[in-house]
Amino acid sequence: MYIVLLGPPGAGKGTQALTLSKRLGIMHVASGDLFRHNLNKETPLGLEAKTYMERGDLVPNDLTVRMVLHKLKSPECNHEALLDGFPRTIHQAKSLDEALGQENKAIDVVLCLQVSSEKVIQRLSGRWICQDCQSPYHTFNAPPISQGICNHCKGALYQRPDDTETTAANRLGVYMKQTSPLIDYYNNQGKLIEINGEQTVDQVGQDMLASLSRIEKERSVR
Ligand code: AP5
């Protein structure tokens, strides 16, 4: 399957993707993580993306599409993926449709997390991430067992430089302007499922799994 997780910054895409990808046995492909990996390694791609990411703006489409499609074609994806943070513009969505179409594949479903702007800012300003396994935590909503240390791999936790209130507010504005048109784009294709992202992490995950199994059942009837 190709599944897209859509939703504003801080909606919980990464949190859900970690569990969902393991449960479904498909690769989690997060464009933000790919950029941060390149940035840490100081690759030309990472250095080109740096200024856009620091401002909370989108990295140009051509660079982003090239990076994600390269990952999707890798053997570890094996023609399946749980996409998180990509596509983020109509241009990216069309490029993805075209690339998958060349392999007689298509996006199966788009799970769109709905979370209010106030909650998003509150979540981002309290977020901590494991520098090794990328597991997200939150000062109040999801604190680690030991302060500053990942529950899963004991890696050190850090705060993303683009999680300040000003940059987070810009990212939210960018989402409204450039990414939210994807809601209509995928709705018109009959692929969009809206999920209430303001519930507990477990409840959101259960709703996602329930939606996916409903789709599987509908397909097996056809
Ligand atoms: P990216 O890394 O993709 O950031 P984002 O979309 O802004 O998403 P986030 O990672 O901030 O949020 P999330 O939804 O994953 O939330 P999380 O699960 O962590 O992109 C970063 C930058 O890279 C962009 O600004 C851009 O510059 C560039 N970029 C990336 N992709 C691009 C593209 N396609 N095109 C162009 N540029 C691109 O949760 C957030 C917090 O909330 C955590 O603390 C978590 O513990 C907590 N939380 C989660 N769920 C719940 C819940 N149900 N209840 C309570 N708390 C919760």
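The values are calculated or read from the model by the stated rules, or taken from the named source; none is laboratory data. These numbers come from a predicted model, not from an experiment. Neighbour counts are summed over all protein chains in view; Cβ atoms, including those assigned to glycine, are modelled from backbone coordinates with ideal geometry. Surface areas here come from the heavy atoms of the whole protein model, side chains and all, with no ligands, DNA or RNA. Shrake-Rupley method; radii C 1.70, N 1.55, O 1.52, S 1.80 Å.
Do we have any residue at all in segment 119-127 that's within 24 Å of Thr167 (Cα to Cα) and either of a type in the set (Val, Ile, Thr) or more than 14 Å from the ligand (Cβ to nearest atom) (or both)? Among the residues of segment 119-127, at least one is within 24 Å of Thr167 (Cα to Cα) and either of a type in the set (Val, Ile, Thr) or more than 14 Å from the ligand (Cβ to nearest atom) (or both), which makes the answer yes. Comparison of Leu124, Leu113 shows that the only residue that is closer than 29 Å to Ala169 by Cβ, open to solvent by less than 90 Å² (accessible area, probe 1.4 Å) and in contact with a strand residue (DSSP E or B) (Cβ under 9 Å, 6 or more places away or on another chain) is Leu113. Restricting to segment 9-25, and then to whatever is more than 6 Å from the ligand (Cβ to nearest atom) and open to solvent by less than 20 Å² (accessible area, probe 1.4 Å), can you tell me which residue is nearest to the chain's Cα centre (by Cα)? Among them, the one singled out is Ala17. Scan segment 68-82 residue by residue and report those that are of a type in the set (A, V, I, L, M, F, W, C) and either near the ligand (Cβ under 9 Å from one of its atoms) or assigned to a loop (DSSP other than H, G, I, E, B) (or both). Result: Val68, Cys77. The lone criterion from (1) within 16 Å of the chain's Cα centre (by Cα); (2) over 26 Å from Val109 (Cα atoms) left unmet by Glu42 is number (1).
For first residues located in segment 124-152 and of a type in the set (Val, Ile, Thr), partners that are assigned to a loop (DSSP other than H, G, I, E, B) and open to solvent by less than 20 Å² (accessible area, probe 1.4 Å) and lie 6+ apart or on another chain with Cβ distances below 6 Å form the pairs Thr139/Gly126.
From the list Leu34, Leu39, Leu47, Leu6, the lone residue that is open to solvent by less than 20 Å² (accessible area, probe 1.4 Å), more than 7 Å from the ligand (Cβ to nearest atom) and not polar (S, T, N, Q) is Leu6. Filtered by the rule that a residue be more than 6 Å from the ligand (Cβ to nearest atom) and either open to solvent by less than 60 Å² (accessible area, probe 1.4 Å) or assigned to a strand (DSSP E or B) (or both), segment 136-145 gives a lone residue, Pro144. Counting only residues that are in contact with a helix residue (DSSP H, G or I) (Cβ under 7 Å, 6 or more places away or on another chain) and surrounded by fewer than 18 Cβ atoms within 10 Å (Cβ to Cβ), segment 146-168 holds 2 of them. Considering the conditions (1) assigned to a helix (DSSP H, G or I); (2) more than 26 Å from Ala142 (Cα to Cα); (3) away from the ligand (no atom under 12 Å from the Cβ), Gly190 is excluded by exactly one of them, (1).
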